[in-house]
Structure formats: C-alpha cells, structure tokens
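Colleague: After the structure tokens below, expect a handful of questions from me.
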Amino acid sequence: MNNLCEIAKTVKHAKRALLISHIMPDGDTIGSALGLAWALRKRGIEARPSCDSPVPSTLLFLPGSADYERRHRTDEDVIFVIDCSDIDRMGSIYDAKAFAQVPVVNVDHHVTNTHFGDIELVIPKASTAEIVVDLLEYLDIPLDKTIATCLLTGVVTDTQGFRTSNTTADVLRTACTLIDAGASLTQVTDAAFNHRSMATLHLWGHAFADAQLTDGILWSEITQDLMKEAGGDSTTSSGLVNFMSSFDEVRVAVLFRELETKQVDVSFRSSPGIDVSGIALAFGGGGHAQASGCIIKGDLKDVRKRVLSALHELVAVDS
C-alpha cells in the first residue's frame with residue numbers, strides 16, 4: 001500500500017494530532033513539524049507540537065514555536081514523529097502503551113532510521129522538510145508564507161545554507177518553491193546563522209583552546225563545569241562541530257558534550273568519503289554519512305576514549 005495514501009486516509013479521519021520533534025532539536029525537526037502543523041490546521045485538525053527539549057533561541061522566530069511543550073499523548077488521533085531516526089530520539093515523550101493506541105507516522109530522512117511506527121515516510125533526502133513538502137502536495141494542502149517559512153528553515157539548516165554534499169538540484173528547486181510561496185531566504189539564513197550570544201563566544205573559545213588534532217581527527221569537549229561557567233544552555237554549542245570540520249587538516253571532527261544525566265552527547269562531522277554514520281549507529285545513534293551523532297551513557301573520559309579509538313580505526317581503514 002502506498003504510504004502517502006495511508007497517511008492521507010489517517011489525516012482524513014483525524015481531529016487532533018501530536019507532532020513530536022527530537023531531543024536537542026535543530027531547524028529541520030522544528031521547521032518540519034511546525035510546517036506540517038500549520039498545514040494540518042488548514043484541514044481543521046488541532047495540531048500540537050511536542051519536544052522533550054526547549055526550542056533553541058535561534059528558532060523562536062518561527063511562527064508557532066511558542067506552542068511547543070513537553071506534551072505526551074492524550075486524546076490525539078494520530079502521532080507524527082518528525083526527523084527522528086529512532087524512538088530514543090523522542091526522549092521522555094515516547095510512551096509505548098500510549099503510542100500503541102493510535103497510528104504513528106514516522107517522517108524522516110536519515111539513512112540510519114530504524115523503521116519504527118505504523119506508517120513510514122522515510123526517504124533519504126537532504127532534509128525532512130523536503131519530505132513534508134512532498135507530503136503536503138500529495139494531501140493537496142497549499143503552501144502559504146507561514147508553512148513555507150517553517151519548511152525553508154528545515155531545508156536551509158540541514159544543508160548548512162546549501163553547502164552540504166547532498167544539496168542537489170531538487171533541493172534547490174524545493175527551496176525555490178518555498179520562496180515562491182512567501183518564505184524569505186534572507187530572514188531564515190540570518191536567523192539560523194547570524195546570531196550568537198556572548199556565552200557562545202566564551203564556550204567556543206574554551207573548546208577551541210582545548211581542541212586536539214591527531215591523524216586528521218579534531219576533537220574537543222564541553223564539560224558541565226564549562227557550560228555553567230559560560231552561562232550557556234543546551235543550544236550554546238550548536239554549530240560548533242560544523243565549524244571544527246571546516247579546517248583544511250581535518251578529516252573528522254568530533255565534539256563531546258557532557259550531559260547532566262551521566263551521559264555524553266557526541267557529534268560527528270566528516271569530509272567526503274568518510275562515513276561516520278556507522279560509528280554513530282554502533283553507539284546507539286545515527287544520522288548521515290558525513291553528519292551523525294549519538295548519546296552514550298558513561299563517564300566523559302571513558303566515552304571519549306572509546307569513540308576516538310573507533311574513529312582512528314575508521315580513518316586508518318580509509319587511508
């Protein structure tokens with residue numbers, strides 16, 4: 001059965017929908033969820049966005065971002081899980097018993113998606129926002145400025161301003177469609193990339209001062225003490241690993257961020273030809289060939305040792 005057809009049938013009979021973004025959200029999961037939420041409202045469906053983490057300050061310009069709450073399923077008829085490669089990415093929002101009571105639609109673009117849910121719309125595109133654009137076209141829900149702004153944010157942020165290797169002509173055509181519908185590329189790129197706090201300056205400065213490069217692997221770490229000293233939050237390090245990967249000598253960049261829950265958030269970026277998604281998947285995470293991540297239980301020092309060992313093996317094989 002055509003999955004788009006199944007989603008259309010589900011939407012037709014729905015009155016309320018829960019739209020879940022992944023923990024430590026980025027522009028694609030927030031933009032895609034909000035774009036879909038506004039579209040569903042055009043069909044008379046009460047759409048409720050949910051996330052286990054706060055919306056980053058750089059995304060608060062998006063219409064509807066203030067509607068986000070740490071919501072669990074109550075009386076919703078359908079659940080859309082947006083841009084999550086596995087159920088763990090939903091954090092505490094996931095409830096197996098509650099999810100079993102209604103259709104769960106898995107909308108994602110990660111090659112490491114574990115194919116959960118009742119209906120899958122998992123397509124390896126540059127962003128989940130592109131999949132939502134295609135879905136709305138199938139549902140015959142027209143784009144407007146509000147929807148287009150949210151979805152263009154997803155496209156722009158996950159392609160790093162159309163700079164990633166998976167930026168195709170189709171990606172650019174989708175962006176043009178969204179701009180034609182009223183989205184401002186200037187507004188989106190400015191909000192996503194041009195605003196940093198002084199806490200970010202302090203945090204990044206320490207991270208770069210402590211960074212180490214060995215065999216083409218550049219790594220740094222952010223401890224809880226450093227985070228508190230800088231006065232930042234969970235979003236302050238956003239974009240740091242991308243910047244780390246931009247130096248000529250770097251083949252793989254990895255950032256270790258110590259969490260309060262005795263866990264470590266690990267972000268990977270790599271140059272073309274080096275696939276870090278397998279390592280992320282091996283440690284319980286996922287993502288793309290050149291941009292992946294995972295959350296690992298354990299002490300920062302121990303996690304760093306294990307991950308760097310795996311990366312050195314990967315780079316040695318690729319050499």
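The values are calculated or read from the model by the stated rules, or taken from the named source; none is laboratory data. Model, not experiment: these values are computed from the prediction. Methodologically, a virtual Cβ is constructed for each residue, glycine included, from the backbone with ideal geometry; neighbour enumeration extends over all protein chains shown. Only protein heavy atoms, including side chains, enter the accessible area calculation; ligands, DNA and RNA are left aside. Shrake-Rupley method; radii C 1.70, N 1.55, O 1.52, S 1.80 Å.
Colleague: For the stretch 28-50, give me the residue count where each residue is hydroxyl-bearing (S, T, Y) and open to solvent by 40 Å² or more (accessible area, probe 1.4 Å).
Modeller: Result for the stretch 28-50: 0.
Colleague: Considering the stretch 240-259 alone, what residues qualify as being in a loop (DSSP other than H, G, I, E, B) and closer than 18 Å to A280 by Cα?
Modeller: Residues satisfying the conditions are S245, R251, L259.
Colleague: Which of the residues belonging to the stretch 83-126 are open to solvent by less than 60 Å² (accessible area, probe 1.4 Å) and on the phi > 0 side of the Ramachandran plot?
Modeller: Selection gives D83, G91, G117.
Colleague: Check the stretch 52-66 and report whether any residue there is among the hydrophobic types (A, V, I, L, M, F, W, C), without any contact (Cβ under 8 Å) to a residue 24 or more places away in the chain and on the phi < 0 side of the Ramachandran plot.
Modeller: Among the residues of the stretch 52-66, at least one is among the hydrophobic types (A, V, I, L, M, F, W, C), without any contact (Cβ under 8 Å) to a residue 24 or more places away in the chain and on the phi < 0 side of the Ramachandran plot, which makes the answer yes.
Colleague: Would you pick out the residues in the stretch 1-22 that are open to solvent by less than 30 Å² (accessible area, probe 1.4 Å) and not hydrophobic (A, V, I, L, M, F, W, C)?
Modeller: Listed by number, the residues that qualify are T10, S21, H22.
Colleague: Only residues that are in contact (Cβ under 8 Å) with a residue 24 or more places away in the chain and of a type in the set (D, E): list them for the stretch 195-240, please.
Modeller: D215, E221, E229, D233, listed by residue number.
Colleague: Mind checking which residues of the stretch 213-243 are under 20 Å from S309 (Cβ atoms) and open to solvent by 70 Å² or more (accessible area, probe 1.4 Å)?
Modeller: Residues satisfying the conditions are L213, D215.
Colleague: For P25, indicate whether it is touching a residue at least 24 places away in the same chain (Cβ under 8 Å), surrounded by 23 or more Cβ atoms within 10 Å (Cβ to Cβ) and in a loop (DSSP other than H, G, I, E, B).
Modeller: In short, yes.
Colleague: Tell me which residues, restricted to the stretch 173-186, are touching a Leu at 6+ places or on another chain (Cβ under 9 Å) and open to solvent by 70 Å² or more (accessible area, probe 1.4 Å).
Modeller: Of everything in the stretch 173-186, just one residue is touching a Leu at 6+ places or on another chain (Cβ under 9 Å) and open to solvent by 70 Å² or more (accessible area, probe 1.4 Å), namely D180.
Colleague: When you scan the stretch 61-102, how many residues do you find that are within 27 Å of A148 (Cβ to Cβ) and either of a type in the set (D, E) or modelled with pLDDT under 95 (or both)?
Modeller: Going through the stretch 61-102 one residue at a time, the tally reaches 7.
Colleague: Another question, if that's okay. Pull up the stretch 146-169, narrow it to residues that are small (G, A, S) and either touching a residue at least 24 places away in the same chain (Cβ under 8 Å) or touching a strand residue (DSSP E or B) at 6+ places or on another chain (Cβ under 6 Å) (or both), then point me to the one that is surrounded by the most Cβ atoms within 10 Å (Cβ to Cβ).
Modeller: In this case the residue turns out to be G154.
Colleague: Would you tally the residues in the stretch 283-313 being over 22 Å from the mean Cα position of the chain (by Cα) and open to solvent by less than 50 Å² (accessible area, probe 1.4 Å)?
Modeller: 6
Colleague: Do we have any residue at all in the stretch 179-199 that's modelled with pLDDT under 95 and aromatic (F, W, Y)?
Modeller: Checked the stretch 179-199: at least one residue is modelled with pLDDT under 95 and aromatic (F, W, Y).
Colleague: While we're looking at this one, here's another question. Among (1) among the aliphatic types (A, V, I, L, M); (2) part of a helix (DSSP H, G or I); (3) open to solvent by 40 Å² or more (accessible area, probe 1.4 Å); (4) modelled with pLDDT of 95 or more, which single condition is L143 missing?
Modeller: Failed condition: (2).
Colleague: Return the residue satisfying two criteria in turn: it lies in the stretch 244-270 and is among the β-branched types (V, I, T) and surrounded by fewer than 22 Cβ atoms within 10 Å (Cβ to Cβ), and of such residues it is farthest from V303 (Cα to Cα).
Modeller: V250
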